[in-house]
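Reading through the structure tokens given below for one structure.
The values are calculated or read from the model by the stated rules, or taken from the named source; none is laboratory data. What you see is a predicted model; the values in this text were computed from it and never measured. Positions of Cβ are generated from backbone atoms using ideal geometry, with glycine treated the same way; all protein chains shown enter the neighbour counts. Note: accessible area is taken over every heavy atom of the protein model, side chains too, but ligands, DNA and RNA are not part of it. Shrake-Rupley method; radii C 1.70, N 1.55, O 1.52, S 1.80 Å.
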Amino acid sequence: MRRATDTAPVRHTVSLVVPARNEARNIPWVFEQIPSCVDEVILVDGGSVDATVRMAAECRPTVRSVRQRGRGKGDALRTGFRAATGEYLVMLDADGSMSPGEIPHYLHFLDHGFDLVKGSRYVAGGGSQDLTLTRSLGNRALLAVVNLLYDAALTDLCYGYCAFRRSFLDELDLRATGFEIEAELIAHALRSGLRIAEVPSLELPRRNGRSHLHAVSDGRRVLRTLLTERPGARPARTAGAGRPGTAPR
């Protein structure tokens, strides 16, 4: 029984942005698990020479394929974000290391007032079946840096399963071209005072092919990003500044 003052829950539209390069063998597994709460799927093709785009269209006829003009994961994500039309944006890798079935958990926290939701492999219920010792040590070192410089208490950093409100895209001011965009996203969200939630996520092994990640060189780029974007390094844009009503009520 509803009270007269109760209001129906608002249904927000959801865009899923999937950067991909030569992931034809992984696309079917990923796309078949996309939940019904996703309204729009944007596949950003990074110059694939295999059947990535064709396979995506076979698995999901409504997919929007966008050709990436630049290079790097960061450039691909920014291309996808610009093309997306949903109120919520979700970023997901195409290699099968992230389960699309977790998306509703991220949306739940966005629906309840958070501005950005990120996956964590280190909270109860999360984990990884793919972390090497080098990646694990590097992630923990970079996590310590971000928590110190940004006065935060995050449990994971170098994991790109995130969802956020599209209304904050301008405030996030994303510019990175490579894997460091994941750290830039979090750094700018912290600087801008966005409400961040972490949800447990299980990182799976890449299903097919080789990873495009280079742990040492990409780790250096992440560190450089954290140092360059730290509070006080350059003026931060306040969340919702110049755009009244962008913060959730």
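Taking Cα pairs under 8 Å and at least six residues apart, what relative contact order does region 106-218 come out at, in percent? Please list the in-between numbers first.
Numbers: 149 pairs, mean separation 49.7, N = 113.
Relative CO of region 106-218 lands at 44 percent.
Would you list SER65, SER99 from the most to the least accessible area, probe 1.4 Å? List each step's numbers first, then the result.
Details: SER65 60, SER99 25 Å².
These residues rank, largest area first, as SER65, SER99.
For every helix of n ≥ 4 consecutive DSSP H residues, a contribution of -39,500 (n - 2.57) applies; sum these over the chain, divide by its total residues, and give [θ] at 222 nm rounded to the nearest 500 deg cm²/dmol.
Details: 8 runs with 80 residues, N = 249.
Estimated from H runs of four or more residues: -9500 deg cm²/dmol.
In whole Å, how far is the Cα centre of region 12-33 from that of region 143-176?
22 Å
Using the Kirkwood radius over C-alpha pairs as Rh, can you work out the diffusion coefficient of region 30-73 via Stokes-Einstein at 25 °C, viscosity 0.890 mPa s, in µm² per second? Walk me through the intermediate numbers first.
Values: Rh = 11.3 Å.
Rounded, D is 217 µm²/s.
Given charges of +1 on the Cβ of Lys and Arg and -1 on the Cβ of Asp and Glu, with all other atoms neutral, how large is the dipole of the chain about its Cα centre, in debye to the nearest 20?
Details: 34 positive and 28 negative charges, 101 e Å.
I would put it at about 480 debye.
Which order do SER36, SER201 take by accessible area at a 1.4 Å probe, largest first?
From most exposed to least exposed: SER36, SER201.
Among the trypsin sites (Lys or Arg not before Pro) in region 48-84, which ones are in a DSSP loop with at most 15 other Cβ atoms within 10 Å of the Cβ? Mind listing them? Working shown, then result.
Values: sites: ARG54, ARG64, ARG67, ARG69, ARG71, LYS73, ARG78, ARG82; in loops: ARG69, ARG71.
Passing both the DSSP loop test and the Cβ count: ARG69, ARG71.
Using a basic spin-label model with each label point 7 Å from the Cα along Cα→Cβ, how many nm lie between ARG67 and LEU154?
Between ARG67 and LEU154, the label points sit 3.4 nm apart.
Remind me, what semi-axes does the chain give for its equivalent ellipsoid, largest first in whole Å, using sqrt of 5 times each Cα gyration tensor eigenvalue? Could you put the intermediate results ahead of the total?
Values: eigenvalues 130, 120, 64 Å².
Ellipsoid half-lengths, sorted descending, are 26, 24, 18 Å.
I want to verify a result. In a Gaussian network model of the chain, Cα cutoff 10 Å, which of these has the top mean-square fluctuation: ASN147, ASN139, ASN26?
ASN147
Are there GluC sites (Glu not before Pro) in region 28-119 that DSSP marks as loop and that have at most 14 other Cβ atoms within 10 Å, and which are they?
Working: sites: GLU32, GLU40, GLU58, GLU87, GLU102; in loops: GLU32, GLU87.
Filter output for region 28-119: GLU32.
Rolling a 1.4 Å sphere over the protein heavy atoms, what is the accessible area per residue of region 83-150, to the nearest Å²? Don't skip to the end; give the middle numbers.
Details: 2720 Å² over 68 residues.
Computed with neighbouring chains in place, this is 40 Å² per residue.
Hey, in the GNM for the chain with a 10 angstrom Cα cutoff, which one of THR13, THR85, THR132 fluctuates hardest?
Ranking THR13, THR85, THR132 by mean-square fluctuation puts THR132 first.
Quick check for you: with a 1.4 Å probe and neighbouring chains kept, what is the accessible area per residue of region 152-193, in Å²? Working shown, then result.
Numbers: 1070 Å² over 42 residues.
Computed with neighbouring chains in place, this is 25 Å² per residue.
Can you give me the % of accessible surface on the chain that is carbon or sulfur? Probe 1.4 Å, all protein chains present, nothing else counted.
Working: 6410 of 12330 Å².
That fraction is 52 percent.
If you bin the C-alpha pair distances of region 1-99 every 5 Å from 0, what whole percents do you get?
2, 14, 24, 23, 16, 6, 4, 3, 4, 2, 1, 0
Cα extents of region 129-227 along the three principal axes, largest first, in whole Å?
36, 26, 26
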